[in-house]
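Worksheet for the structure shown next.
Please treat every number below as a calculation from the coordinates, not as lab data. Quick caveat, the model's predicted, so the values are computed rather than measured. A quick note on method: Cβ atoms are made from the backbone with ideal geometry, for glycine too, and the neighbour counts reach across all protein chains shown.
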Amino acid sequence: MIITGKYPNLRLRRSRKFAWSRRLVQENNLSVNDLILPIFLTEGKNKKIPIRSMPGVFRYSVNNLGFIVDKAIKRKIPMIALFPYTNQKLKDSFGSESLNENNLVCQAIKYVKNKYKNKIGIMCDVALDPYTTHGHDGLLKKNEIVNDETIEILVKQALLQAKMGCDVIAPSDMMDGRIKKIRQKLDKENLQDVQILSYAVKFASNFYGPFRDAVGSKGALKGDKKTYQMDFRNFHESLREVSTDIKEGADMIIVKPGMPYLDIIRSIKDKFKIPVIAYQVSGEYSLIKNGINKNIIDEKSIIESLYSFKRAGANAIITYFADSINLDLLD
Ligand code: PBG
C-alpha cells in the first residue's frame, strides 16, 4: 500500500519547482547505453543513399560503414543492428541469398569486426524477407508460410552470421520453435557464446511501412504477415510467446513495435525478469521525425518517447534516433 499525505501538507508540486529537484527525484534514467542503432546496407562502393520514407536515415555501402560506425563508437552506443537492401536480381522464392557467405550482411559483419574488433556489438536479423521475391519472412508453399521448412533455412542463416562474427542473433521471423533449433545448432558448432535476442513479441503491425521501403521488400510483399506475426488485439498471447522462447534458450527478447505496446513491455518485465528490448520501429520514427521537420512537435518529443520505454521497464531501445539524438536536451 502507498501511504501518502493530504493537501495542504502534501503539495506534490514542491519537488517539481526547480530543475535540480526534478533531477533528484527522477525515477528513470536514459543514457547512450540504452540505445541500439539500426544500419541499412546497400551494394556498391562509396554509397550513402537517403531513404525517402525515413528522413535522415541512409543506406550505406560496406566500404562506407566507417562513417556511421565511427560515430556510433564515439557516442559509446553498445550495439548496431545490420539490415540489407538486397538487389532484386539476387532475390528468389527461397531467399537463397540469405545463405550466401558473401552477401551484404556477411560482408558488413566481417568489415566491422575486422576494423573495430569488440568495441561494438553486432546484431543481425534472422528472417528471409530481405531476400525473397514474395517479401515474406519464411518459405511460401501453396499460399502458406511453412513453419518447419522455414526453420531449416533460418538455422543455416543464423549459423552463417554467427560464423562471420555476429555477436547477437535476432530471429525476427515469428516461426514456432526456431529459438530451440538455432540454439542447438550454435552450441553444436562451438558457438555457445553467441547470444540470441528473440523477436518474441512481434505484431503484424502497420508501422513497418518505411522499413519495408528501406530494405526493398515493400513492393514485393504479397498479402500480409498475419499468419505468423501477432494479432495486435492480443495481450496474453505475448506472455506465451515469451515463455516458450525463454524455455528454448533466448537470452533477451524484443517487443515490437514500441510505443503502442508499452503495456506488454511492463508485463513481461514484471513476470519474466528477462532483458527486454523495445523496438521503436520505422513508422514510429518517421511520424516523430516528420512532425519535428514540419515544426508540429519539438525535438524533445524524441527524448520523451525514449523515456516511455524506460518507464515501461525496457532495458534498451532499438531506435533510428540513436546516432542523432541529443541526450542533453533534457534539463
Ligand atoms: C523483418 C523485419 C521487419 C522489421 C524488422 N525486421 C519488418 C517486417 O516484419 O515486415 C521492422 C522494423 C521497422 O519497421 O523499423 N522481419
task: Would you kindly state how much longer the chain becomes between Asp176 and Asp70 on full extension, computed as 0.36 nm times their sequence separation minus their alpha carbon distance, in nm to one decimal?
output: 34.4 nm
task: In whole Hz, with x marking every Gly and Pro, tabulate ³J(HN,Hα) for segment 235-251 from phi via Karplus 6.51 cos²θ - 1.76 cosθ + 1.60, θ = phi - 60°.
output: 10, 4, 4, 5, 5, 5, 4, 5, 5, 5, 5, 5, 4, 7, x, 5, 7
task: Kindly rank 64-71, 75-82 from highest to lowest mean number of other beta carbons found within 10 Å of each residue.
output: 75-82, 64-71
query: Given +1 on the Cβ of Lys and Arg, -1 on the Cβ of Asp and Glu, and no further charges, what dipole in debye does segment 266-331 carry about its Cα centre, rounded to the nearest 20?
result: 420 debye
message: Please list 3J(HN,Hα) in residue order for segment 98-104, calculated via the Karplus relation 6.51 cos²θ - 1.76 cosθ + 1.60 where θ = phi - 60°; whole Hz, with x for glycine and proline.
response: 5, 9, 7, 6, 10, 5, 4
- line: If unit charges are put on Cβ atoms (+1 for Lys and Arg, -1 for Asp and Glu) and the dipole of the chain is taken about its Cα centre, the option from Ile182, Ile296, Asn9 lying farthest towards the positive end turns out to be Asn9
statement: Charge dipole of segment 191-232 built from unit charges on the beta carbon (Lys, Arg +1; Asp, Glu -1), centred at mean Cα; most positive-end Cα among Ser198, Met230, Gly209 is Gly209
- prompt: Relative to the compact globular guide of 2.2 N^0.38 Å, what is the alpha carbon radius of gyration of segment 203-331, as a ratio?
  reply: 1.12
field: Percentage of interatomic Cα-Cα distances in the chain larger than 25 Å
entry: 52 percent
- line: About its Cα centre, segment 148-230 carries a charge dipole, from +1 on Lys and Arg Cβ atoms and -1 on Asp and Glu Cβ atoms, whose size in debye to the nearest 20 is 160 debye
- prompt: If we count every other residue with Cβ under 11 angstrom of Val281's Cβ, Lys/Arg +1 and Asp/Glu -1, where does the sum land?
  reply: +2
task: Select from Ser243, Val276, Asn33 the residue farthest towards the positive end of the dipole of the chain; place +1 on Cβ of Lys and Arg, -1 on Cβ of Asp and Glu, and compute about the Cα centre.
output: Asn33
field: Order of Val105, Val62 - criterion: other Cβ atoms within 10 Å of each residue's Cβ, fewest first
entry: Val62, Val105
- prompt: When Asp328, Asp187 are ordered from fewest to most other Cβ atoms inside 10 Å of their Cβ, what list results?
  reply: Asp328, Asp187
- prompt: Sorted from fewest to most neighbouring beta carbons within 10 Å, what does the list Ile3, Ile264, Ile297 look like?
  reply: Ile3, Ile297, Ile264
query: Relative contact order of segment 214-315: what whole-number percent is it, with Cα pairs under 8 angstrom and at least 6 residues apart?
result: 27 percent
- request: About the Cα centre of segment 30-318, how large is the charge dipole given +1 on each Lys and Arg Cβ and -1 on each Asp and Glu Cβ? Please answer in debye to the nearest 20.
  value: 780 debye
